[in-house]
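Student: I have a structure I would like to understand better, so I am pasting it below and will then ask my questions one at a time.
The values are calculated or read from the model by the stated rules, or taken from the named source; none is laboratory data. Quantities reported herein were computed from a predicted structural model and do not represent experimental measurements. Cβ: placed from backbone, ideal geometry, glycine included. Neighbour counts: every protein chain shown.
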Amino acid sequence: MSDDLETLVKKIKTMEIRGAREIALESLKFLRKFCRKKGFGKEFEKAARKLEKTRPTAVVLHNCLEKIREKRKIETINKLLRRLNRATKEIAKRGSRIIKDGYTIMTHCHSEEAVAVIKQAFKEGKKIKVYATMTEPRDQGLITAKELTTMGIDTILIIDSAIEFFIKDVDIVIVGTDAIRKEGIVNKIGTYPMAVVAKEHKKPFYVVGDTLKLDRRKKLIIEERAVSEVYKDGLAIRNPAFDVTPWKYVKRVITEKGILTPGNILKMLK
(Lines give C-alpha, C1' and ligand atoms only; values in the text may rest on other atoms or scores of the structure.)
Protein backbone atom coordinates (compact mmCIF):
# COMPACT_ATOMS: atom_id res chain seq x y z
CA MET A 1 0.00 0.00 0.00
CA SER A 2 2.89 2.41 0.68
CA ASP A 3 3.94 2.16 -2.96
CA ASP A 4 0.41 3.04 -4.01
CA LEU A 5 0.46 6.02 -1.65
CA GLU A 6 3.77 7.25 -3.06
CA THR A 7 2.43 6.90 -6.59
CA LEU A 8 -0.68 8.92 -5.73
CA VAL A 9 1.37 11.60 -3.95
CA LYS A 10 3.65 11.90 -6.98
CA LYS A 11 0.69 12.21 -9.35
CA ILE A 12 -0.79 15.00 -7.23
CA LYS A 13 2.52 16.85 -6.82
CA THR A 14 3.30 16.70 -10.54
CA MET A 15 -0.29 17.73 -11.30
CA GLU A 16 -1.13 14.61 -13.24
CA ILE A 17 -4.07 14.77 -10.84
CA ARG A 18 -5.08 18.41 -10.47
CA GLY A 19 -7.90 20.54 -9.07
CA ALA A 20 -9.21 20.52 -5.51
CA ARG A 21 -12.18 18.29 -6.36
CA GLU A 22 -10.16 15.75 -8.35
CA ILE A 23 -7.45 15.58 -5.68
CA ALA A 24 -10.13 14.82 -3.07
CA LEU A 25 -11.86 12.22 -5.25
CA GLU A 26 -8.69 10.28 -6.04
CA SER A 27 -7.47 10.50 -2.43
CA LEU A 28 -10.81 9.23 -1.12
CA LYS A 29 -10.75 6.28 -3.53
CA PHE A 30 -7.24 5.42 -2.34
CA LEU A 31 -8.17 5.77 1.34
CA ARG A 32 -11.21 3.53 0.89
CA LYS A 33 -8.94 0.67 -0.22
CA PHE A 34 -6.30 1.59 2.36
CA CYS A 35 -8.72 1.65 5.31
CA ARG A 36 -10.37 -1.63 4.32
CA LYS A 37 -6.98 -3.26 4.88
CA LYS A 38 -5.46 -1.15 7.66
CA GLY A 39 -8.35 0.53 9.40
CA PHE A 40 -8.62 4.11 10.60
CA GLY A 41 -5.80 4.20 13.16
CA LYS A 42 -2.24 5.50 13.04
CA GLU A 43 -1.56 4.26 9.51
CA PHE A 44 -4.61 6.12 8.26
CA GLU A 45 -3.51 9.34 9.97
CA LYS A 46 -0.03 9.04 8.51
CA ALA A 47 -1.36 8.53 4.98
CA ALA A 48 -3.96 11.28 5.40
CA ARG A 49 -1.38 13.84 6.54
CA LYS A 50 0.92 12.96 3.66
CA LEU A 51 -1.85 13.39 1.12
CA GLU A 52 -3.02 16.67 2.62
CA LYS A 53 0.46 18.18 2.48
CA THR A 54 0.89 17.51 -1.25
CA ARG A 55 -1.25 20.52 -2.29
CA PRO A 56 -1.81 22.50 0.93
CA THR A 57 -3.86 25.38 -0.52
CA ALA A 58 -6.77 23.25 -1.76
CA VAL A 59 -9.23 22.62 1.07
CA VAL A 60 -11.66 19.93 -0.16
CA LEU A 61 -9.47 17.01 0.90
CA HIS A 62 -8.89 18.62 4.31
CA ASN A 63 -12.64 18.98 4.87
CA CYS A 64 -13.25 15.40 3.76
CA LEU A 65 -10.57 14.09 6.12
CA GLU A 66 -12.15 15.99 9.01
CA LYS A 67 -15.49 14.31 8.28
CA ILE A 68 -13.81 10.89 8.14
CA ARG A 69 -12.16 11.55 11.50
CA GLU A 70 -15.59 12.31 12.98
CA LYS A 71 -17.04 9.01 11.72
CA ARG A 72 -14.28 6.52 10.95
CA LYS A 73 -16.20 4.22 8.63
CA ILE A 74 -15.91 3.12 5.00
CA GLU A 75 -19.45 4.35 4.49
CA THR A 76 -18.31 7.88 5.41
CA ILE A 77 -15.86 7.78 2.51
CA ASN A 78 -18.54 6.37 0.20
CA LYS A 79 -20.95 9.16 1.19
CA LEU A 80 -18.30 11.80 0.46
CA LEU A 81 -17.60 10.31 -2.97
CA ARG A 82 -21.30 10.29 -3.81
CA ARG A 83 -21.69 13.81 -2.48
CA LEU A 84 -18.87 15.23 -4.58
CA ASN A 85 -20.28 13.70 -7.76
CA ARG A 86 -23.84 14.80 -7.04
CA ALA A 87 -22.72 18.31 -6.17
CA THR A 88 -21.02 18.86 -9.53
CA LYS A 89 -24.20 17.87 -11.38
CA GLU A 90 -26.31 20.17 -9.20
CA ILE A 91 -23.83 23.04 -9.62
CA ALA A 92 -23.96 22.61 -13.41
CA LYS A 93 -27.78 22.84 -13.43
CA ARG A 94 -27.89 25.86 -11.15
CA GLY A 95 -25.00 27.65 -12.83
CA SER A 96 -26.34 27.26 -16.36
CA ARG A 97 -29.23 29.55 -15.40
CA ILE A 98 -26.95 32.59 -15.32
CA ILE A 99 -25.76 31.96 -18.88
CA LYS A 100 -28.13 33.39 -21.45
CA ASP A 101 -28.39 32.45 -25.11
CA GLY A 102 -25.75 34.35 -27.08
CA TYR A 103 -23.45 34.97 -24.10
CA THR A 104 -19.69 35.21 -24.40
CA ILE A 105 -17.88 33.82 -21.36
CA MET A 106 -14.33 34.26 -20.08
CA THR A 107 -12.73 31.64 -17.86
CA HIS A 108 -9.36 30.91 -16.29
CA CYS A 109 -7.40 27.71 -15.64
CA HIS A 110 -9.21 24.35 -15.66
CA SER A 111 -12.04 23.88 -13.18
CA GLU A 112 -14.19 20.76 -13.50
CA GLU A 113 -17.07 22.62 -11.90
CA ALA A 114 -16.80 25.78 -14.01
CA VAL A 115 -16.49 23.67 -17.16
CA ALA A 116 -19.55 21.65 -16.07
CA VAL A 117 -21.60 24.87 -15.87
CA ILE A 118 -20.52 25.97 -19.36
CA LYS A 119 -21.17 22.51 -20.82
CA GLN A 120 -24.63 22.37 -19.26
CA ALA A 121 -25.59 25.69 -20.84
CA PHE A 122 -24.44 24.36 -24.21
CA LYS A 123 -26.38 21.10 -23.73
CA GLU A 124 -29.50 23.19 -23.10
CA GLY A 125 -29.14 24.58 -26.61
CA LYS A 126 -27.70 27.98 -25.76
CA LYS A 127 -25.35 29.47 -28.32
CA ILE A 128 -22.27 30.51 -26.37
CA LYS A 129 -18.69 31.53 -26.98
CA VAL A 130 -15.78 31.11 -24.56
CA TYR A 131 -12.45 32.87 -24.09
CA ALA A 132 -10.13 30.59 -22.11
CA THR A 133 -6.82 31.88 -20.81
CA MET A 134 -3.70 29.79 -21.38
CA THR A 135 -3.04 30.00 -17.60
CA GLU A 136 0.72 30.11 -17.27
CA PRO A 137 3.08 28.61 -16.37
CA ARG A 138 1.53 25.13 -16.74
CA ASP A 139 -1.00 26.06 -19.45
CA GLN A 140 -3.93 24.47 -17.64
CA GLY A 141 -6.35 26.60 -19.62
CA LEU A 142 -5.32 24.64 -22.68
CA ILE A 143 -7.14 21.65 -21.15
CA THR A 144 -10.29 23.76 -20.83
CA ALA A 145 -10.03 25.06 -24.40
CA LYS A 146 -9.55 21.57 -25.85
CA GLU A 147 -12.36 20.08 -23.77
CA LEU A 148 -14.88 22.75 -24.76
CA THR A 149 -13.80 22.74 -28.40
CA THR A 150 -14.15 18.95 -28.59
CA MET A 151 -17.72 19.32 -27.35
CA GLY A 152 -18.46 21.78 -30.15
CA ILE A 153 -18.40 24.99 -28.11
CA ASP A 154 -16.94 28.03 -29.90
CA THR A 155 -13.78 28.49 -27.81
CA ILE A 156 -10.81 30.82 -28.26
CA LEU A 157 -7.56 30.32 -26.32
CA ILE A 158 -5.86 33.57 -25.28
CA ILE A 159 -2.66 34.44 -23.43
CA ASP A 160 -3.10 35.53 -19.82
CA SER A 161 -1.97 39.11 -20.46
CA ALA A 162 -4.69 39.56 -23.12
CA ILE A 163 -7.53 39.54 -20.56
CA GLU A 164 -8.17 43.28 -20.81
CA PHE A 165 -7.97 43.18 -24.62
CA PHE A 166 -10.85 40.70 -24.86
CA ILE A 167 -12.93 41.55 -21.77
CA LYS A 168 -14.92 44.13 -23.78
CA ASP A 169 -16.38 41.27 -25.86
CA VAL A 170 -17.42 39.27 -22.79
CA ASP A 171 -20.80 39.13 -21.04
CA ILE A 172 -19.77 37.17 -17.96
CA VAL A 173 -16.67 35.74 -16.24
CA ILE A 174 -16.89 32.28 -14.67
CA VAL A 175 -14.03 30.71 -12.71
CA GLY A 176 -13.57 27.86 -10.27
CA THR A 177 -12.03 27.96 -6.82
CA ASP A 178 -9.73 25.84 -4.65
CA ALA A 179 -10.81 27.38 -1.34
CA ILE A 180 -13.50 29.83 -0.21
CA ARG A 181 -12.32 31.96 2.70
CA LYS A 182 -13.24 35.08 4.69
CA GLU A 183 -10.52 36.95 2.82
CA GLY A 184 -11.97 35.97 -0.54
CA ILE A 185 -11.73 33.35 -3.26
CA VAL A 186 -8.52 31.33 -3.53
CA ASN A 187 -7.92 30.22 -7.10
CA LYS A 188 -5.19 29.80 -9.70
CA ILE A 189 -2.76 32.73 -9.87
CA GLY A 190 -4.12 35.31 -12.28
CA THR A 191 -7.71 35.10 -11.03
CA TYR A 192 -7.42 38.31 -9.00
CA PRO A 193 -6.23 40.41 -12.00
CA MET A 194 -9.07 38.97 -14.09
CA ALA A 195 -11.58 39.98 -11.40
CA VAL A 196 -10.17 43.52 -11.25
CA VAL A 197 -10.37 43.90 -15.03
CA ALA A 198 -13.91 42.50 -15.02
CA LYS A 199 -14.95 45.02 -12.35
CA GLU A 200 -13.38 47.90 -14.28
CA HIS A 201 -15.41 46.93 -17.35
CA LYS A 202 -18.59 46.19 -15.39
CA LYS A 203 -18.61 42.49 -16.27
CA PRO A 204 -20.13 40.15 -13.63
CA PHE A 205 -17.58 37.85 -12.01
CA TYR A 206 -18.97 34.49 -10.89
CA VAL A 207 -17.18 31.81 -8.89
CA VAL A 208 -18.14 28.13 -9.01
CA GLY A 209 -17.51 25.80 -6.09
CA ASP A 210 -18.87 23.02 -3.91
CA THR A 211 -19.50 24.09 -0.30
CA LEU A 212 -16.86 21.53 0.69
CA LYS A 213 -14.50 24.30 -0.44
CA LEU A 214 -15.52 26.51 2.47
CA ASP A 215 -12.21 27.02 4.25
CA ARG A 216 -12.29 27.67 7.99
CA ARG A 217 -8.60 26.90 8.55
CA LYS A 218 -6.86 29.64 10.53
CA LYS A 219 -3.86 29.82 8.21
CA LEU A 220 -3.83 29.95 4.45
CA ILE A 221 -0.75 28.47 2.82
CA ILE A 222 -0.24 29.71 -0.74
CA GLU A 223 1.62 26.92 -2.48
CA GLU A 224 4.77 27.93 -4.36
CA ARG A 225 5.79 25.49 -7.04
CA ALA A 226 9.10 24.59 -8.68
CA VAL A 227 10.84 27.48 -10.45
CA SER A 228 11.58 25.08 -13.31
CA GLU A 229 7.92 25.46 -14.33
CA VAL A 230 8.75 29.05 -15.27
CA TYR A 231 12.34 28.87 -16.55
CA LYS A 232 15.24 26.47 -16.21
CA ASP A 233 18.23 28.83 -16.24
CA GLY A 234 19.20 29.72 -12.65
CA LEU A 235 17.44 33.08 -12.53
CA ALA A 236 15.85 34.34 -9.32
CA ILE A 237 12.26 33.13 -9.74
CA ARG A 238 9.16 32.76 -7.58
CA ASN A 239 6.20 30.70 -8.71
CA PRO A 240 3.08 31.05 -6.50
CA ALA A 241 0.27 28.81 -7.70
CA PHE A 242 -2.69 30.75 -6.26
CA ASP A 243 -3.94 34.22 -5.42
CA VAL A 244 -6.84 35.52 -3.30
CA THR A 245 -9.61 37.57 -4.93
CA PRO A 246 -11.35 39.85 -2.38
CA TRP A 247 -15.12 39.57 -2.06
CA LYS A 248 -15.77 43.05 -3.44
CA TYR A 249 -14.99 41.71 -6.92
CA VAL A 250 -17.29 38.67 -6.71
CA LYS A 251 -20.94 38.95 -7.79
CA ARG A 252 -22.11 35.47 -6.79
CA VAL A 253 -20.84 32.00 -5.87
CA ILE A 254 -22.51 29.08 -7.65
CA THR A 255 -22.76 26.15 -5.23
CA GLU A 256 -24.77 22.95 -5.03
CA LYS A 257 -26.95 24.72 -2.45
CA GLY A 258 -27.77 27.68 -4.64
CA ILE A 259 -26.34 30.81 -6.23
CA LEU A 260 -25.14 32.68 -3.16
CA THR A 261 -24.06 36.24 -2.44
CA PRO A 262 -20.71 36.96 -0.81
CA GLY A 263 -22.70 37.88 2.29
CA ASN A 264 -24.37 34.45 2.33
CA ILE A 265 -20.97 32.78 2.06
CA LEU A 266 -19.41 34.85 4.84
CA LYS A 267 -22.27 33.86 7.18
CA MET A 268 -21.61 30.19 6.37
CA LEU A 269 -17.93 30.64 7.19
CA LYS A 270 -18.62 31.85 10.73
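Student: Would you kindly identify the helices (runs of 4 or more DSSP H) lying entirely within segment 1-109 that contain at least 2 residues that are closer than 30 Å to Ile167 by Cα?
Tutor: Those helices (runs of 4 or more DSSP H) span 20-38, 74-96.
Student: Which count do you get for residues in segment 223-259 that are among the β-branched types (Val, Ile, Thr) and either out of contact with any Gly (no Cβ under 9 Å at 6 or more places or on another chain) or not in a strand (DSSP E or B) (or both)?
Tutor: Residues flagged as among the β-branched types (Val, Ile, Thr) and either out of contact with any Gly (no Cβ under 9 Å at 6 or more places or on another chain) or not in a strand (DSSP E or B) (or both) within segment 223-259 amount to 4.
Student: If a residue has to be aliphatic (A, V, I, L, M) and under 17 Å from the mean Cα position of the chain (by Cα) to count, how many in segment 52-74 make the cut?
Tutor: Adding up the residues that qualify gives 4.
Student: Which of the residues belonging to segment 110-129 are of a type in the set (Gly, Ala, Ser), touching a Gly at 6+ places or on another chain (Cβ under 7 Å) and outside any helix (DSSP H, G or I)?
Tutor: The answer is Ser111, and nothing else.
Student: Could you run through segment 76-94 and say how many residues are farther than 10 Å from Glu256 by Cβ and at pLDDT 95 or above? Spell out how you get there, then give the answer.
Tutor: From segment 76-94, those farther than 10 Å from Glu256 by Cβ are 76-82, 85; that's our starting set.
Still in the list and also at pLDDT 95 or above: 76-82.
Number of matching residues: 7.
Student: Tell me, which helices (runs of 4 or more DSSP H) wholly within segment 130-210 include 2 or more residues that are touching a Pro at 6+ places or on another chain (Cβ under 9 Å) and closer than 18 Å to Phe242 by Cα?
Tutor: The qualifying helices (runs of 4 or more DSSP H) are 191-200.
Student: Additional query: Please work out if Gly39 is on the phi > 0 side of the Ramachandran plot and either of a type in the set (Phe, Trp, Tyr) or not assigned by TED's automatic domain parsing to the domain that holds Tyr192 (or both).
Tutor: When the stated conditions are applied, Gly39 passes them.
Student: Mind checking which residues of segment 92-129 are farther than 27 Å from Phe242 by Cα and touching a Phe, Trp or Tyr at 6+ places or on another chain (Cβ under 9 Å)?
Tutor: Across segment 92-129, the qualifying residues are Ala121, Lys126, Lys127, Ile128.
Student: While we're on this one: Take the residues in segment 219-270 that are free of Cβ contacts under 8 Å to residues at least 12 places away in the same chain and touching a Phe, Trp or Tyr at 6+ places or on another chain (Cβ under 9 Å); name whichever of them is surrounded by the most Cβ atoms within 10 Å (Cβ to Cβ).
Tutor: Here the answer is Ile237.
Student: Shifting gears a bit: Inside segment 179-194, can you point out the residues that are farther than 20 Å from Ala145 by Cα and in contact with a strand residue (DSSP E or B) (Cβ under 6 Å, 6 or more places away or on another chain)?
Tutor: Within segment 179-194, Ala179, Ile180, Glu183, Gly184, Ile185, Val186, Tyr192 meet the criteria.
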